[in-house]
Amino acid sequence: VALDLGGIEAAGQWIARAEPRHPALIDAAHRLDELFGIVNVPSGVWIDERGTIVRPPETAYPRRSEVFERPIRPSDPPDVAARIREVHKIRIEPEKYMHALRDWAVNGARSRYALAPDDVIARSAPRGLEAATAAAHFELGQHLFRGGATDAAAIQFRAAHRLQPANWTYKRQAWSLADPGQRPTSLYDGDWLSDVQRVGAENYYPPLQMD
Amino acid sequence: VILDRLHVETAQVERGTGWAIKPEGACRDERCVPLPAAATADGQVDVRVIAQQLGMPLVHDASSGLWALGPEASTRSLSSARAPDLVLPDMLGQLFDLATLRGTKVLLLAWASW
């Protein structure tokens with residue numbers, strides 16, 4: 001499911017190129033963010049045959065993609081080089097994730113990685129008043145943006161960012177609307193590189209809890 | 001839930017929040033939260049009361065006059081392990097209902113182009 005305010009226009013080309021054999025859907029209103037508590041991508045949720053969530057959203061890289069291996073080239077501008085340096089520090093755990101996923105696919109409820117309902121709820125993202133208020137601002141911002149009120153939308157997006165700074169989905173979606181490279185703009189206090197450096201690239205994704 | 005006023009049709013609140021407005025209050029699954037009598041009248045509901053009683057933030061954009069009613073503030077994003085209802089379009093605009101995958105294991109993977 002593509003979380004993309006740009007809808008089919010933004011996500012469709014990627015889906016077409018992937019030629020998926022599975023359903024490939026587009027969530028232009030970021031409903032998954034609110035319904036499941038997704039705060040970054042890629043995030044995976046496991047749902048069993050009865051429609052019960054057995055693992056809440058967690059970082060779900062199926063493999064180490066090329067972006068993590070790309071070397072810094074002499075021709076790279078300084079900001080690109082700085083960005084790549086941070087990307088190299090990001091921790092992803094595709095081997096661990098795929099091992100667990102395959103174990104669940106084979107063993108179902110007997111898999112040690114399938115969680116009980118109480119654990120699923122407990123491991124889902126916190127949503128106190130600030131995160132819930134951020135969700136309201138983000139929804140309002142999206143609505144305003146779709147209507148062409150980009151400045152008013154940015155006010156709402158900034159409020160969402162301030163209230164839930166760990167929500168990279170809110171930040172990256174909004175930044176990308178102002179600049180596809182998510183570089184500094186006058187609309188937002190943050191940008192991808194600065195924010196990642198602030199929290200530490202190694203903390204960009206939380207460690208998988210597969211033990 | 002986007003709103004252009006604070007007194008809206010009960011059905012609109014029910015569709016947007018998943019809470020049913022009943023004589024005993026706002027109800028979802030087995031839980032009912034009592035509402036003051038003044039909260040509902042003539043098939044309409046005062047969203048400010050709903051927001052307060054259910055712990056839902058209500059935010060406003062003065063330039064458009066619009067409001068957004070957020071999700072309930074609780075401890076966790078998931079209040080149940082039951083997968084929520086979800087119907088979304090594919091790249092051809094065809095709607096797909098997650099519930100049609102009952103009977104198979106599902107990996108729901110969220111990604112983005114940005």
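The values are calculated or read from the model by the stated rules, or taken from the named source; none is laboratory data. Quick caveat: nothing in here was measured; it's all calculated off a predicted structure. Methodologically, a virtual Cβ is constructed for each residue, glycine included, from the backbone with ideal geometry; neighbour enumeration extends over all protein chains shown.
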With the first residue restricted to the stretch B:47-69 and required to be among the aromatic types (Phe, Trp, Tyr), and the second required to be assigned to a loop (DSSP other than H, G, I, E, B), Cβ contacts under 7 Å at 6 or more apart or on different chains are B:67/B:6
Given the structure, is residue A:200 at pLDDT below 95, of a type outside the set (Asp, Glu) and either touching a strand residue (DSSP E or B) at 6+ places or on another chain (Cβ under 7 Å) or under 21 Å from residue A:88 (Cβ atoms) (or both)?
no
Which residue out of A:193, A:144 is of a type outside the set (Ser, Thr, Tyr), within 8 Å of another protein chain (Cβ to nearest Cβ) and touching a helix residue (DSSP H, G or I) at 6+ places or on another chain (Cβ under 6 Å)?
A:144
Any chance residue B:45 is of a type outside the set (D, E, K, R), farther than 18 Å from residue A:160 by Cα, within 17 Å of the chain's Cα centre (by Cα) and not in a strand (DSSP E or B):
no
Residues of the stretch A:126-138 being surrounded by fewer than 21 Cβ atoms within 10 Å (Cβ to Cβ) and either within 21 Å of residue A:208 (Cβ to Cβ) or at the interface with another protein chain (Cβ under 7 Å from one of its Cβ atoms) (or both), which ones?
A:126, A:128, A:129
In the stretch A:89-125, which residue that is of a type in the set (Lys, Arg) and in contact (Cβ under 8 Å) with a residue 12 or more places away in the chain is surrounded by the most Cβ atoms within 10 Å (Cβ to Cβ)?
A:123
Only one of B:35, B:54, B:101 is at pLDDT 95 or above and either surrounded by 15 or more Cβ atoms within 10 Å (Cβ to Cβ) or within 10 Å of another protein chain (Cβ to nearest Cβ) (or both). Can you tell me which?
B:101
Within the stretch B:62-79, take every residue that is over 12 Å from the mean Cα position of the chain (by Cα) and buried (at least 21 other Cβ atoms within 10 Å of the Cβ) and give me the one that is farthest from residue A:32 (Cα to Cα).
B:67
Go through the stretch A:139-168 and count every residue that is assigned to a helix (DSSP H, G or I), surrounded by 23 or more Cβ atoms within 10 Å (Cβ to Cβ) and among the polar types (S, T, N, Q).
2
Quick check on this structure: which one of B:82, B:28 is surrounded by fewer than 17 Cβ atoms within 10 Å (Cβ to Cβ) and either of a type in the set (Phe, Trp, Tyr) or at pLDDT 95 or above (or both)?
B:82
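To keep it simple, each residue is scored yes or no on (1) hydrophobic (A, V, I, L, M, F, W, C); (2) within 24 Å of residue A:205 (Cβ to Cβ); (3) more than 8 Å from chain B (Cβ to nearest Cβ).
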{"position": "A:106", "(1), (2), (3)": "yes, no, yes"}
{"position": "A:149", "(1), (2), (3)": "yes, no, no"}
{"position": "A:165", "(1), (2), (3)": "no, yes, yes"}
{"position": "A:173", "(1), (2), (3)": "no, yes, no"}
Can you report the number of residues in the stretch B:11-25 which are over 24 Å from residue A:156 (Cβ atoms) and either surrounded by fewer than 18 Cβ atoms within 10 Å (Cβ to Cβ) or of a type in the set (D, E, K, R) (or both)?
6
The correct count of residues that are among the charged types (D, E, K, R), in contact with a helix residue (DSSP H, G or I) (Cβ under 9 Å, 6 or more places away or on another chain), more than 7 Å from chain B (Cβ to nearest Cβ) and part of a loop (DSSP other than H, G, I, E, B) in the stretch A:20-63 is 1
Go through (1) surrounded by fewer than 19 Cβ atoms within 10 Å (Cβ to Cβ); (2) in a loop (DSSP other than H, G, I, E, B); (3) facing another protein chain (nearest Cβ under 10 Å) and name the single condition residue A:186 misses.
(3)
